[in-house]
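One structure is given here, and the rest of the page talks about it.
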Amino acid sequence: MSTQTSTPANPAAATGERDSLLRLYLGRGVLALTWALAFAGSHEDLDAVAITLLVVYPLIDAVSSLIDHRATPNGSERRVTALNGVLSMLAALAIGIAGSGGEGAVLHVFGAWAVVSGAAQVIVGLRRRGPEMGKQWPTLISGGLSFLVGITYNIQAAGDNPSLGVLAVYAAGGGVWFILQAVLLGWKSRQSRTGTF
């Protein structure tokens with residue numbers, strides 16, 4: 001897999017993409033942390049509130065992917081963000097349907113989505129590993145963890161006592177990594193303005 005970034009050679013274009021991603025990652029991180037707090041207090045019963053929150057989480061990812069897709073130049077990472085957005089919308093629908101099947105069914109769907117979403121995040125992170133985008137370590141770590149955790153969720157879902165409480169931890173961890181990536185991009189922007197590297 002190539003690790004070349006598709007970031008434009010034009011410095012102004014690269015700065016615009018970096019600043020757009022900074023705002024996107026920061027907003028995505030704050031939303032994930034907010035969702036984690038809300039879900040932590042409402043997941044004991046798989047009722048309408050809990051199912052609504054579960055459906056909302058992949059929809060947040062879908063909207064974020066759409067924004068990212070519109071701000072990203074043509075290339076493989078743009079296609080991956082589009083695919084991830086579509087899969088996140090399908091995951092939201094599937095989670096809503098799985099809600100009637102109990103916690104195990106929901107955890108299976110969420111886990112499968114975490115695997116696919118994590119893989120997409122790693123691919124996009126690898127494509128953005130140029131110096132203008134800060135090497136993308138938080139994105140790569142977050143995507144890799146999402147992939148691995150998604151597998152464990154499917155294992156847990158097949159057990160006797162699956163619990164959705166782990167999803168609040170998943171969202172909180174993802175939120176922290178998104179915010180760290182935004183901080184790194186902000187640092188790169190400051191370096192570009194001051195001319196230090």
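The values are calculated or read from the model by the stated rules, or taken from the named source; none is laboratory data. Everything numeric in this text was worked out from a predicted model, so none of it was measured. When we count neighbours, we look across all protein chains shown, and the Cβ atoms used for this are built from the backbone with ideal geometry, even at glycine.
Among the residues making up region 56-86, a single one is crowded, with 18+ Cβ neighbours inside 10 Å, closer than 16 Å to A36 by Cβ and among the β-branched types (V, I, T): I60. From the list L126, L148, L185, the lone residue that is more than 11 Å from the chain's Cα centre (by Cα), modelled with pLDDT of 90 or more and not hydroxyl-bearing (S, T, Y) is L148.
Checking each residue in region 91-105 for being of a type in the set (A, V, I, L, M), surrounded by 15 or more Cβ atoms within 10 Å (Cβ to Cβ) and closer than 21 Å to V63 by Cα picks out A91, A92, A94, I95.
Let's see how each residue does on (1) in contact with a strand residue (DSSP E or B) (Cβ under 7 Å, 6 or more places away or on another chain); (2) among the polar types (S, T, N, Q); (3) closer than 22 Å to I97 by Cβ; (4) assigned to a loop (DSSP other than H, G, I, E, B):
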| site | (1), (2), (3), (4) |
| --- | --- |
| L37 | no, no, no, no |
| V49 | no, no, yes, no |
| I60 | no, no, yes, no |
| N74 | no, yes, no, yes |
| R79 | no, no, no, no |
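Do the conditions hold for A171, that is, is it farther than 17 Å from A119 by Cβ, under 16 Å from the mean Cα position of the chain (by Cα), at pLDDT below 95 and part of a helix (DSSP H, G or I)? When the stated conditions are applied, A171 does not pass them. Here P58 qualifies as closer than 24 Å to V166 by Cα and touching a residue at least 12 places away in the same chain (Cβ under 8 Å).
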